[in-house]
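The values are calculated or read from the model by the stated rules, or taken from the named source; none is laboratory data. Treat the numbers as computed from the prediction; the structure is a model and nothing was measured. All Cβ positions, even for glycine, are placed from backbone atoms using ideal geometry, and neighbour counts span all protein chains on display. Side chains included, ligands, DNA and RNA excluded: accessible areas come from the protein's heavy atoms. Shrake-Rupley method; radii C 1.70, N 1.55, O 1.52, S 1.80 Å.
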Amino acid sequence: MTEIDTSVPHSARIWNYWLGGKDNYPVDEEAGDAYTAVFPGIVTIARSSRAFLGRTIRYLVTEAGARQFLDVGTGLPTVDNTHEVAQRHAPDARIVYVDNDPLVLAHARALLTSTPEGVTAYEDLSLYEPERILEAAARTLDLTRPTALILSGILGHVSSYDQARDLVRSLMAGLPSGSHLSLNEGSRGTDPVYEQAQDAYNETGAVPYFLRPVEQIEGYFEGLELVEPGVVSVPLWRPDPGADTAPIGQHGGVGRKP
């Protein structure tokens with residue numbers, strides 16, 4: 001197993017720190033605090049992204065009838081992980097998590113809890129291996145039946161937009177008609193302070209994460225039928241009553257494969 005390097009900050013651990021989790025090290029807290037000093041709104045972005053994920057999964061289960069989920073680029077377990085939200089509404093839901101980070105692998109047992117009626121599995125694979133991901137997922141999921149693909153904040157790590165779009169296409173190509181894509185990513189065009197902070201972070205030598213224009217995020221849904229309200233700043237996607245709907249530099253949506 002790959003050693004976990006605790007001497008350099010790590011984006012999944014920093015994200016975990018912003019979400020209020022405990023799976024991080026002093027180096028991550030320092031990097032996270034340095035980032036929030038420049039842009040305090042990053043904590044709102046992290047938590048709003050998590051809330052968006054929860055609302056989309058709730059929609060997929062209760063309105064779209066989804067019972068199978070493929071969550072690629074899982075990240076560290078925090079609160080309301082995909083299987084927890086899905087199985088809360090449908091105890092028989094089946095979930096496959098995919099990540100290839102040794103830190104996530106070390107915590108995978110926290111992701112592998114399940115209701116007795118459902119299943120959760122974890123596959124140690126890279127986003128860059130879509131065919132292998134589909135092959136592994138088929139051990140747990142019936143990929144002849146509609147499946148929801150979850151890509152939450154992972155594609156920004158792919159430096160080439162064309163490659164990122166091809167990865168989405170390849171994964172969706174392996175899923176049948178009636179499947180869905182839930183996707184959210186950091187965006188440009190809403191919050192210049194966020195953009196400056198993220199660009200500066202990318203220059204520190206940490207693993208970069210690239211913010212993309214909204215039209216490129218919309219491009220990930222090419223060939224899919226967008227669920228209302230389309231690709232929007234995540235607080236605006238079917239918000240809960242009374243929730244803060246101020247736009248932030250994070251866009252997402254849900255699309256259905258015809």
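Things to note:
- Check on residue 154, more than 22 Å from residue 229 (Cβ to Cβ), touching a residue at least 60 places away in the same chain (Cβ under 8 Å), under 13 Å from the mean Cα position of the chain (by Cα) and surrounded by 14 or more Cβ atoms within 10 Å (Cβ to Cβ): yes
- Subset of segment 224-238 [open to solvent by 60 Å² or more (accessible area, probe 1.4 Å) and either closer than 14 Å to residue 64 by Cα or in contact (Cβ under 8 Å) with a residue 60 or more places away in the chain (or both)]: 225, 226, 228, 238
- Of everything in segment 74-88 that is among the polar types (S, T, N, Q) and over 15 Å from residue 15 (Cβ atoms), the residue that is modelled with the lowest pLDDT is 82.
- Pair list, Cβ < 7 Å and 6+ apart or interchain, from segment 89-105 residues that are closer than 24 Å to residue 56 by Cα to residues that are crowded, with 16+ Cβ neighbours inside 10 Å and aromatic (Phe, Trp, Tyr): 93/69; 95/69; 97/122
- The listed residue being touching a strand residue (DSSP E or B) at 6+ places or on another chain (Cβ under 8 Å) and either β-branched (Val, Ile, Thr) or on the phi > 0 side of the Ramachandran plot (or both), out of 205, 223, 252, 230: 230
- When residues in segment 70-95 are screened for being touching a Lys or Arg at 6+ places or on another chain (Cβ under 7 Å) and under 17 Å from residue 142 (Cα atoms), 4 of them pass.
- Looking at 71, 92, just one residue is modelled with pLDDT of 95 or more, charged (D, E, K, R) and in contact with a Ser or Thr (Cβ under 6 Å, 6 or more places away or on another chain), and that residue is 71.
- A count restricted to segment 137-171 and to residues that are within 20 Å of residue 86 (Cβ to Cβ), of a type outside the set (A, V, I, L, M, F, W, C) and in contact with a helix residue (DSSP H, G or I) (Cβ under 7 Å, 6 or more places away or on another chain) stands at 2.
- In segment 167-179, the residues that are charged (D, E, K, R) reach residues that are exposed (fewer than 14 other Cβ atoms within 10 Å of the Cβ) with C-beta atoms within less than 9 angstrom, at least six apart or across chains, in these pairs: 169/222; 169/223.
- Of all residues in segment 129-148 being in a helix (DSSP H, G or I) and open to solvent by 50 Å² or more (accessible area, probe 1.4 Å), the one that is farthest from residue 7 (Cα to Cα): 135
- Enumeration of residues in segment 188-222 that are under 22 Å from residue 34 (Cβ atoms), open to solvent by less than 60 Å² (accessible area, probe 1.4 Å) and outside any helix (DSSP H, G or I): 191, 206, 208, 209, 211
- Residue 32 being more than 20 Å from residue 102 (Cα to Cα), modelled with pLDDT under 95 and surrounded by 18 or more Cβ atoms within 10 Å (Cβ to Cβ): yes
- Consider segment 64-85 and keep the residues that are among the aliphatic types (A, V, I, L, M) and outside any loop (DSSP other than H, G, I, E, B). The one that is surrounded by the fewest Cβ atoms within 10 Å (Cβ to Cβ) is 85.
- Within the set 159, 177, 126, 114, the sole residue that is touching a His at 6+ places or on another chain (Cβ under 7 Å), assigned to a loop (DSSP other than H, G, I, E, B) and surrounded by fewer than 19 Cβ atoms within 10 Å (Cβ to Cβ) turns out to be 114.
- Candidates 109, 47, filtered to the one that is under 30 Å from residue 179 (Cα atoms) and either modelled with pLDDT of 90 or more or among the aliphatic types (A, V, I, L, M) (or both): 47
- Scanning segment 86-100 for residues that are of a type outside the set (Gly, Ala, Ser) and crowded, with 21+ Cβ neighbours inside 10 Å yields 87, 94, 95, 96, 97, 98, 99.
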